[in-house]
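Asker: Take this structure first; my questions come after.
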Amino acid sequence: MPAKILIVDDEKPIRDSLKLVLDDEGYSTTVASDGEDAFQRLQEDVYDVVITDIKMPRMDGMQLLESASKISPETFFIIMTAYASVKTAIDSLRQGAYDYLIKPVEFDDVIIRVKRLIDFKKLAAENKSLRQRISLGTGFSNLIGRSEPMKKVFDLIKHVAPTNSNVLIYGKSGTGKELVAKAIHHNSNRKEKIFLPINCGAISENLIESELFGHKKGAFTGATDDKLGLFKVADSGTLFLDEIGELPLNLQVKLLRAIEDKEFIPVGGIKSVSTDVRIIAATNQDLFEKTKSGEFREDLFYRLNVVEIKLPSLNDRKEDIPLLINHFIEKYCNEMGKKILGVDNETMKVLLYHDWRGGVRELENVIERAVIFAGKEYLTVNDLSEHIKGNTQLGYPDSLKDALNDFEREHILKTIKKFDYNKDEAAKVLEIGLSSLYRKMDELNIPTKSSKEEENK
């Protein structure tokens, strides 16, 4: 559904021109000739954005802004004013307007500002939705799992979320680093403020400083206006710096200062700007090793790494796969209007034994595709993509129970061998009692002694 925009101006040529321009951009626009007319429309319908002149008969733009805030608080306002009334426009920002335009307005500028505002509104709606869905103790949004590795992650989130401490999340691609960051934010005292993600590896080196810290007009070619950096946009909220290991060395110094001093200087600026953001960073690299090679500042590493969360790969928590499969089936059935009850045993075996190099993201894509092509109440091997089907020739156990038992046996045996058959240490790592470990070893036919110990008996 296109965003709905209300254009308010007592000059018909202006409002008609703006309507024509924004209609061409795909928005759903409505016009009003003055504040009273606009207020009536706001009572009858919901608008994403209102673009309004200040000086109008009957009810001016400031009065409309004040009245609308009571009946439509989620509608964002852009104020239009003549150059001589810029002070009034700035006052409107203090009263809750999002932005202002100087008349005569430039249509390209209007398009850019409206798009920016709509994108911000979508992000705010996403954040609100996430807050409503997150519940500590029962799960963290789409962060699904009951395995021991995931229980540890949930426990860390519970402890660190209420604090303002910086967090560094480690994990391979597809492990859910951003989901963890969102869970921390939405269970913190900053949950009513913005969660702002940025991929440090996806922005060119010559632009990322401006993105993070903003710039002043004329700072470089193309800097036609002042720009707020993400550190200021996310003020009082959380800034998620994904792929932090890709941040250039020269910017690491500035980032460190912003974190330590809670202030920064925009590109081309001379005055410091204060900021209060919580930093959550993420990486798939070994940052400690990068500090040794000089590729990452050691002081920044320790400042970011106050609390460390290491995410397990999907291959390290395969007991969560049935849960994730059911979650994704439900998700895509709801989206596509299908009714699928689950997967058959053969398909579950294939999915359990697949090498999930792409992590949870790969699994989700596999299930989405399978739901698209499914013609029965249960997903079958035939619904899977070819690279997944290839695993059907590997000779799996006959039942889902056997498959899960095989995985559990392999995991316990690997852990015991790691501690040289010290069952006390193995039980601690597995987070089960010693008696439970011996019982499982007996049930799964796991030897209690190493082959070397058996030879020396």
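The values are calculated or read from the model by the stated rules, or taken from the named source; none is laboratory data. Please read all numbers here as calculations on a predicted model, not as lab measurements. In this analysis, Cβ positions are derived from the backbone assuming ideal geometry, glycine residues included, and neighbour counts consider all displayed protein chains.
Asker: Take residue 219 and tell me if it is assigned by TED's automatic domain parsing to the domain that holds residue 282, within 20 Å of residue 270 (Cβ to Cβ) and touching a residue at least 24 places away in the same chain (Cβ under 8 Å).
Answerer: Criteria met by residue 219.
Asker: With more than 30 Å from residue 362 (Cα to Cα) and in contact with a Lys or Arg (Cβ under 6 Å, 6 or more places away or on another chain) as the only criterion, which of 174, 237 stands out? Step through it out loud before you land on a result.
Answerer: Numbers: 174 fails: more than 30 Å from residue 362 (Cα to Cα).
That would be 237, the only listed residue that is more than 30 Å from residue 362 (Cα to Cα) and in contact with a Lys or Arg (Cβ under 6 Å, 6 or more places away or on another chain).
Asker: Just one of (1) buried (at least 21 other Cβ atoms within 10 Å of the Cβ); (2) modelled with pLDDT of 85 or more; (3) over 22 Å from the mean Cα position of the chain (by Cα) trips up residue 349, so point out which.
Answerer: Condition (2) is where residue 349 drops out.
Asker: Which one of these does residue 305 not meet: (1) in contact (Cβ under 8 Å) with a residue 24 or more places away in the chain; (2) surrounded by fewer than 17 Cβ atoms within 10 Å (Cβ to Cβ); (3) within 30 Å of residue 407 (Cβ to Cβ); (4) not charged (D, E, K, R)?
Answerer: Result: residue 305 passes all but (3).
Asker: In segment 69-81, what count of residues is obtained for those that are out of contact with any Gly (no Cβ under 6 Å at 6 or more places or on another chain) and farther than 13 Å from residue 8 by Cα?
Answerer: 7
Asker: Here is a further query. Residue under question is residue 153, and the condition is that it be within 29 Å of residue 11 (Cβ to Cβ), among the β-branched types (Val, Ile, Thr) and at pLDDT 75 or above; does it hold?
Answerer: Numbers: within 29 Å of residue 11 (Cβ to Cβ): no; among the β-branched types (Val, Ile, Thr): yes; at pLDDT 75 or above: yes.
Here the answer is no, as residue 153 does not meet what is asked.
Asker: Condition (residue is in a loop (DSSP other than H, G, I, E, B) and in contact with a Lys or Arg (Cβ under 7 Å, 6 or more places away or on another chain)) applied to segment 91-100: is it met by at least one residue? Explain how you work it out, then say what you get.
Answerer: The initial filter retains those residues of segment 91-100 that are in a loop (DSSP other than H, G, I, E, B), namely 95-98.
So of that shortlist, the ones also in contact with a Lys or Arg (Cβ under 7 Å, 6 or more places away or on another chain) come out as none.
No, that holds for no residue.
Asker: Keeping to segment 190-216, report how many residues are touching a residue at least 40 places away in the same chain (Cβ under 8 Å) and over 22 Å from residue 164 (Cβ atoms).
Answerer: The number of residues fulfilling the criteria is 10.
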